[in-house]
Amino acid sequence: MSVELDVFVGNTTIMDEEVYQFWLDGYTVNDAVKVRMEGGVLEECEASAEVLHSDTMDQYRTFQMCERLLHSPAKLANQLLFQIPPHRQAMLIERYYAFDGVFVREVLGKKLSKGTKKDLDDVSAKTGVTLKSCRRQFDNFKRVFKVVEELKGPLVENIRQHFLLSDQLARNYAAIVFFANNRFETGKKKLHYLTFQDFAFCAGQLISYWTVGAVGDNLSPQSPDVYNMVEDMDVDLEKQFLQDLKELKILITDKDLLDQHKSLVCTALRGKTKVFNEMETNFKNLSRGLVNIAVKLTNTKDVRDFFIDLVEKFIEPCRSDKWTAGDMRLFLTHYTNSAHILDTFKHQVLWDRYMGVIKSCILKMYHD
Amino acid sequence: MPGKLKAKIVAGRHLPVMDRASDLTDAFVEVKFGNTTFKTDVFPKSLNPQWNSEWFKFEVDDEDLQDEPLQITVLDHDTYSANDAIGKVYIDIDPLLCSEAATRICGWFPIYDTIHGIRGEINVLVKVDLFNDLNSFRQSSCGVKFFCTTSIPRCYRAALVHGFVEELVVNEDPEYQWIDRIRTPRASNEARQRLISLMSGELQRKIGLKVLEMGGNAVVGYLQCFDLEGESGLVVRAIGTACTLDKLTPGTAPNTNTHSNTAPASNACNSPSKDSKESPLAHGCRSTHNSPVRSACSSQRLSHSQNFSVSVPTLVFTGMGSGGSAGKEAGPLKTLLRQHTQSALEQREFPFFTLTCFPPGFLVHVGGVVSARSVKLLDRIHNPDEPETRDAWWEEIRQEIKSHAKALGCHAVVGYSESTSICEEVCILSASGTAAMLNPRFMREGCLDAGGSDHRLSRQPPLNVVGSERIEGDASSAWFGFEDASPPSCGFCHIPYDEFNMPFPAQLTYCYRCRRQKVPDVLFTTIDLPAEAAVTGKGCLIQARLCRTKKKAQGEVNATAISNLLPFMEYELHTQLMNKLKLRSMNALFGLRIQISVGENMLLGLASATGVYLSALPAPGGIQVAGKTPSDLNYDQHIATMQKRINDTITKNKELYNIHPPESTEELVGSPIPDRQRSRLFRSTSESSDELLELDLSHGKKDAFVLEIDDTDAVEDIQSLLTDAPMPAGFYSCNTEVMPGIYNWTSGLQMFTSVRVYRLSNANLTNQGLNKIFTELCENLLKSLYFKLRSMIPCCLCHVNFTVAVPEEELIQVAVTAVAMSFDKDTQQAADKALNKGSGENEDQLQFSMELCADSTPSNNQPTSKPSGVSESALVPSSSRDRCSTWLELLRLKAHTIRRGSVKTSRRTQSLAHSVSSAERCSPLPEGRSRSLRSTRSMPCGAPVAVVKMTPLSFLPGTRIVKYLGIINMFFIRETTSLREEGGVSGFLHCFIAEVFAMVRAHVAALGGNAVVSYSMKECVFMENPNKNQAQCLINVSGDAVIFVRESEQEATPPLMSSGQISSTGADGTT
């Protein structure tokens, strides 16, 4: 005797969050049943393995049927096929678009192309995330990328409205889109210690202050509506800004300015930090590092290497000198502020816009 | 031209991509009604077109309005080739034809394609302008309301119950027409869907006409079924109960309606006799209706077992002999038929009611279940306009039912339903119901005006013409005698038949509540538990399952084989039910439904019912296992262990279902039950082994239900009896509307359908093997349901409806539709506790018992004398034994082997019997009820999203139905040629059922409703051909679309009034 057909359909669609997670994680039905059995659902409900299998199958089928709708979450709310309470819909969407930190770390900054998708089995093997789950996450990235690519207006808001995601998750997706668009290098060995959250924070900073959209929000009094009409406004770094950054070169090419800058910082920091001596000897190198990054950002290649440069030129020297996070904060604050006092330095606004982001990125990235 | 139908196509959304090149669609819409078609413009290159069309107007006869659906087809425009159909929407506009129902249909409908399923949605607006038609010869019946609900709908009052209406229409099945060979599956499916829609429209119209003729304005308990007879055609038939309903004004809606779940409690507590006296329905008048014929000796042979009238199946072969029903008939029926054919006129009127719930006072006595089956051979329906053969078949069956009811001393059948099972050319027609005596006043209000009574007389001649033994006046007075004497809360349990001339063996005792009338020891019915019934403890779903192999055969041989098997199956199912009932220490079954399905090489039988302990009936005896060879020690031991297990189970069940009848204090009350019986206590294993021999000889005087183990089969049976897995903690189940003992529902509600198909791998299974498998299937399915719904604990599965089928050789299909309703645990426990307490402890209880006593004192004036009680009950056992054995002999003769040599049914009043009649059992209920009120109030209101609730029940807990919007009756076909790609059979069916739910919800929402009540899936025919990667499924669903409001939103409304007060509000004054 064998069960040929076995279905259960409720007027209100029944969904078990635990099983949903198994499905999302790419477990096969049998594996999910095994895990559920170990989890002890059976004892609690006097059910048999068959019952559990049948239930799991039902739920998997439901999720598969829902998947099409989850690809454009707005449909989930006004489709008629499944009657799902609103809070459940939100849960379905949020979980479907959730991703594994380890996985996203692998594809962050890579082109969301078929080629990358083909390599997902390697990623799966490396991260321990099932291939099925990898594919779902990758497709989610790609889908979000494609949709917001064609939309005007602020990136995070677009993602949140179009995919009905929570603010936090929408911000994370914005970071992924931003990284994929600018193809930032994140895979180098020196960057391995950085988590996705580190990068997401940095992306948030870059989006907020360095993109076209940032101009309307933060720097210019012009009405934001004008900027809402711009395509890719949050995805591309502002060209003019990058061009202007070349002006900062004077901070390292002009010897007087450099010395003056150094002495201002040293005066401010003396006695306040244990690594004062190291800082003093290294000041010129560090300053050159930071300013050179700014100067080179007009090259796409150097944009991609932005994070690796930060690490190599600034973070690593400081780390080898055993700076604490406090030291770092103190230094960057005074390094930034002192430039305002330099009388021949005219690019205060530009400098603040640049250093604001650099400072918060470095502070975020400065850990083990 | 009495009607103008207007339709407007507003927009579409989520359309499928029809043009691969652009990934878009150029959609337009065809709107068709009858032979008129309109088209919208093409809305190019969009998946979310906005047509905003003009109003398409159709000027049509109201006859067509009733028959035809509005057909909306969405197409993709293609310049070069034929336009591709995206899908269709059929809209039944019947709800718009009734002034009290919906006023317009407006909303998003899923666009449905029989091959691809739902493909996007379309927004449609439909209105109807009806002109008054004074033509008295009209063919339409606009305005007659239809309800699937098998009780008087919640916001109406029954002014008059006219009775049974039936109709059937037949046609050729498009699937079997020659043209089907050349057209696409899609065209064929659509032709079928459309035809069935047309036929059900026509059927409804014709039934409506009959109702108007009878002077009614509504059909309640409307049950429509399809018989897919294959080559021989397609039959759509319907039965219902014609009523005259008055709409209640919103303010005066009685609480019993709004709070149906607590209604039983309230009715049981408030001295219900008052209710019936004040009832607006009781306008005293003498009856010319069917009077009770209380003893029909000649028909007694027909009733074989307790409360259970099994028909010997009539076997009729069509196409042989002349006049439709010529052919072989089983012996005992002949005499009956002869007797009844004397008056052809009388036969036309069937005193049948499809209702299962009744207004208080309607039901006087209940006799027991009556059922009839017959096996027919199908042949082609030659002339679809005159479906005489099918009519004649049903006529026969109904006649049989009627005579069974008479044999039980009843003049009416309630909870009546009909069904068929078809396999190839063989068709089993079944009908069943509950024989009952009704209060004639309900049916006679119309006689008050002369015209009405004339009308009635012309259709149903007075009974004395029929040759009944009593003349009419006599009968009527007997009626009134009954009515006045019986206290209402237990009245329905009292036997309607003559106790000295019983139609079947039964042990009679005096009613445990009123002590004046006789009651049977066990009561089986197809109706819901009457509101006034007093029940001890909780109820539970009881199922009997049976599988019988049969040889493959053709034609008459096959039909004969099947009809020979049927009585055995009925008997077996009955035995199983009885055993399981006793095992749960219960004494009555409600909502009994026996389904027998025929396949090529087997018959399946499934009986479901809700077991309860009726306080008015005696406590059931235990089950005693008896062995044939008591000398063998091992064997004895085996039996002893078995006995112990049974006893343990009974004890456990008593605990589980909270069945704690009070200890006996009979002497104080002056019980009529003889000491001899009372003193004997059936308890222990040791005792039973001593008495084995004696038991065999004098089984008629023992209290236990004896199961004799004389072969291995019997052992298996007992094993299976005990293998029914207990329900997990926190779950209850029933197949009736309400679960006795649970009153505090929350608004947690989950309607579901579950379907399973099993393949029997081993072709050479024995009956036992099959039985075991079948039982396991059902048990596993139930277990799965419990697991799925575990988040709703504590909850009760209500209206559990199993349907079994044998779609193919070696396949068994089981489908379940039910609703899980959660209840409040805390208040429930409090209520239970109160129930368990002694009667004196609770002041409320005391008050109630006093009240009841006061009510019943006048009638207690002439207490039944002790001596007579003794003599009567002494008489009973012997007669029962005699009849039992004759029945068994009959069976032996019919079949060459009988599985179990002898089954002795005997019982003795348990000394545990309750004596403090009535009082304590119902008294704690008010507490539970008031709490439930509180708990429902605290429920939050629903989300703003247009949620449509669905339930097979006639109510939604914690809510009040304010408007009925019309009947939902939908038929869908789904087919696939890419079964694997759609996830195999399970994926295919899962999706289809979800789509059906979606379409039902969409239609209800478009009518302006927020729920479907009395929902049922009538048909689910699934066929597959995995080799060809194909599958097809047909589903038919029905229900009533309603608008409900949460009780909490109505708090200001003062609590209700009795139905008596409502009578004054009379006519329907609604907004």
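The values are calculated or read from the model by the stated rules, or taken from the named source; none is laboratory data. Remember, it's a predicted structure, so these values are computed and weren't measured experimentally. Counting neighbours? That spans all protein chains shown, and the Cβs are built from the backbone with ideal geometry, glycine included.
Side notes on the structure shown:
- Any hit, the range A:185-206, residues being farther than 23 Å from A:Lys301 by Cβ and free of Cβ contacts under 8 Å to residues at least 12 places away in the same chain: no
- Test result for B:Leu606, within 23 Å of the chain's Cα centre (by Cα), surrounded by fewer than 24 Cβ atoms within 10 Å (Cβ to Cβ) and in a strand (DSSP E or B): yes
- Screening the candidates B:Gln66, B:Gln50, B:Gln71 for the property of being buried (at least 21 other Cβ atoms within 10 Å of the Cβ) and either touching a residue at least 12 places away in the same chain (Cβ under 8 Å) or not charged (D, E, K, R) (or both) yields one hit, B:Gln66.
- Evaluating B:Thr103 against the criteria (1) in contact with a Leu (Cβ under 9 Å, 6 or more places away or on another chain); (2) over 23 Å from B:Val948 (Cα atoms) leaves one unmet condition, (2).
- In the range B:593-604, the residues that are touching a residue at least 12 places away in the same chain (Cβ under 8 Å) reach residues that are part of a strand (DSSP E or B) and aromatic (Phe, Trp, Tyr) with C-beta atoms within less than 9 angstrom, at least six apart or across chains, in these pairs: B:Arg593/B:Phe802; B:Gln595/B:Phe802.
- Among the residues of the range A:250-285, those identified as over 18 Å from A:Asp321 (Cβ atoms) and either in contact with a strand residue (DSSP E or B) (Cβ under 9 Å, 6 or more places away or on another chain) or exposed (fewer than 15 other Cβ atoms within 10 Å of the Cβ) (or both) are A:Thr253, A:Lys255, A:Asp256, A:Asp259, A:Ser263, A:Thr267.
- Qualifying residue in the range B:552-570 (condition: touching a Gly at 6+ places or on another chain (Cβ under 8 Å), assigned to a helix (DSSP H, G or I) and more than 23 Å from B:Pro740 (Cβ to Cβ)): yes
- Only a single item in (1) in a helix (DSSP H, G or I); (2) surrounded by fewer than 20 Cβ atoms within 10 Å (Cβ to Cβ); (3) not aliphatic (A, V, I, L, M) is not met by A:Gln137, and it is number (2).
- Among the residues making up the range B:793-812, those that are crowded, with 23+ Cβ neighbours inside 10 Å and over 22 Å from B:Leu656 (Cβ atoms) are B:Ala805, B:Ile812.
- Inside the range B:3-60, residues that are within 14 Å of another protein chain (Cβ to nearest Cβ) and either outside any loop (DSSP other than H, G, I, E, B) or closer than 19 Å to B:Tyr112 by Cα (or both) make up a count of 9.
- Residue within the range B:975-994 that is modelled with pLDDT under 95, closer than 22 Å to B:Val819 by Cα and in a strand (DSSP E or B) present: no
- Counted residues, the range B:995-1009 - those being in a loop (DSSP other than H, G, I, E, B) and surrounded by 21 or more Cβ atoms within 10 Å (Cβ to Cβ): 2
- Pair list, Cβ under 8 Å, 6 or more apart: the range B:750-779 residue among the basic types (Lys, Arg), other residue assigned to a loop (DSSP other than H, G, I, E, B): B:Arg759/A:Met1; B:Arg759/B:Glu810
A quick yes/no check of all residues on (1) in a helix (DSSP H, G or I); (2) in contact with a Cys (Cβ under 6 Å, 6 or more places away or on another chain); (3) at pLDDT below 90; (4) among the hydrophobic types (A, V, I, L, M, F, W, C):
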residue: B:Ile122; (1), (2), (3), (4): no, no, no, yes
residue: B:Asn132; (1), (2), (3), (4): no, no, yes, no
residue: B:Cys142; (1), (2), (3), (4): no, no, yes, yes
residue: B:Ile152; (1), (2), (3), (4): no, no, yes, yes
residue: B:Val161; (1), (2), (3), (4): no, yes, yes, yes
residue: B:Leu203; (1), (2), (3), (4): yes, no, no, yes
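- A:Gly326 vs. criteria assigned to a helix (DSSP H, G or I) and more than 21 Å from A:Ser208 (Cα to Cα): yes
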